[in-house]
Structure formats: structure tokens, C-alpha cells
Amino acid sequence: MAPLIPAFRERHPEADVHLRLSDHLLDLVQEAVDVAVRLAQMRDSTFTLRKVAEIERILCASPDYLAEHPAPESPAELIDHSCLLLRFPGSEQFRWTLRDGDEAVTLPVSGRIDADDGDVLTEWAMKGQGIVLKPVFEVASHLADGRLVPILPGTPPAPATLGVVYPSRKMLPARAKSFVEMTTEALRAHVGAQLALIGRRLMR
């Protein structure tokens, strides 16, 4: 997001920008946020959503972790593993939902360390600390170079929607609409480029 701001300011020098970076699901109205980027299973219909893409997610771990802890062969075996969890108030990461054919399997998971920042979890996974659930595009480069290895590819996590959201189209200022367009285009380009590293394509 940060690299977009200078380009946006060139188009709208009169605009004030207050960038907040957080993995928490903020209350956009309470926090007075004009535009937000969210990667989640969208449930709240009170916001307008500009969909960027449907994002595949993956379970993965480092070769070092798997050398000491044989990879689970079924979702139920995750209970015997250290799972790296994204924790914050309202987080649902203590349960992982995996797809088994047309069915969804939700199971409790746990681990000895957790964080409220997804990038930290990725670093820990590469350091052999456990199994992590991540959007594929966020770890594509690490999958490509072998620093992370897919876990349970036959029962992947349920996908999530990456989108730009805002409280109401009618209330959105023109400069905010411009930011929505810029953000959508930039995110599609970034996600597509990352997925190409492992031979996958963007799903809109």
C-alpha cells in the first residue's frame, strides 16, 4: 500500500492521507476510515466491496520443520503439530477450515507461539517454528525457492476474498474513488505477478 501513496498524492495534492497498516479487522465507521483493503471471507453487506480477486490459501512449513515433524497426512493430524496463529480480538485463526472435496472441515488448531502480524508468522514458518496458513500469493516466492513446502495440498484452506471496501458509494469523495481504482489495479498486478512465480493465475 505504501508505494501507492506518492502516486495518489501527485493526482490529488490537496488530499490528506492517514495510512494505517494492521491485520486487525477494524470497524471502518468507528475508526472513520474512508477506504480499506481486506482479505477475508466477507460477511458484512453494509459496505460496498470492489472485489480484487478470489485468493487461494495454503498450509505450508519449512523443510527443517518437516525434517523433525513428519507432515500430517490428514487434517485431523494437525492437532499434533505446532500451528502458527494470527491472534487479535475477534480473530478466528484458532480454527482452520479446510476443503475436502465439496465439504468444508473446520477443526481446532493450536501452537506455542502466535502473533498479530501475518508477516511475522511467515518469518517464523521459514525458521522452522511450525505450520502456517497463508494466502498463496504472499508466500509464492518462498514456495518457488523451496524455503516453504505445501502441507495437505489435497485439503487446502477455504479461499478468501481480497477487496477494497468502503462504507457507502454515495458518501465516497471523488478522490477516494480514485484511490479505490488505483488500489484495485495495483493489487491485481501484484497478486498476479506473485502467483506467476509458481505457475498460478489470478482468480477474479
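Just a few scattered comments:
- Packing-based exposure ordering (other Cβ within 10 Å, fewest first) of 69, 142: 69, 142
- Kirkwood analysis of region 73-204, using all unique Cα-Cα pairs, places the hydrodynamic radius at 16.8 Å.
- Residues of region 165-204 with an amide N closer than 11 Å to a point placed 7 Å from the Cα of residue 19 along the Cα-to-Cβ direction: none.
- Packing-based exposure ordering (other Cβ within 10 Å, fewest first) of 166, 65: 166, 65
- Of 36, 15, 158, the residue with the greatest mean-square motion in the GNM of the chain, using alpha carbon springs below 10 Å, is 15.
- With only the Cα atoms considered, region 57-151 has a convex hull volume of 99 Å³ per residue.
- When each full DSSP H helix of the chain is screened for a Cα extent of at least 30 Å along its own axis and an average Kyte-Doolittle hydropathy of at least 0.0, the helices passing are 174-196.
Read-outs throughout are calculated quantities, based only on the coordinates presented, and are distinct from any laboratory measurement. Since this is a predicted model, take the numbers as computed values, not measurements. Here the Cβ is made from the backbone with ideal geometry for all residues, glycine too, and neighbour counts use every protein chain on show.
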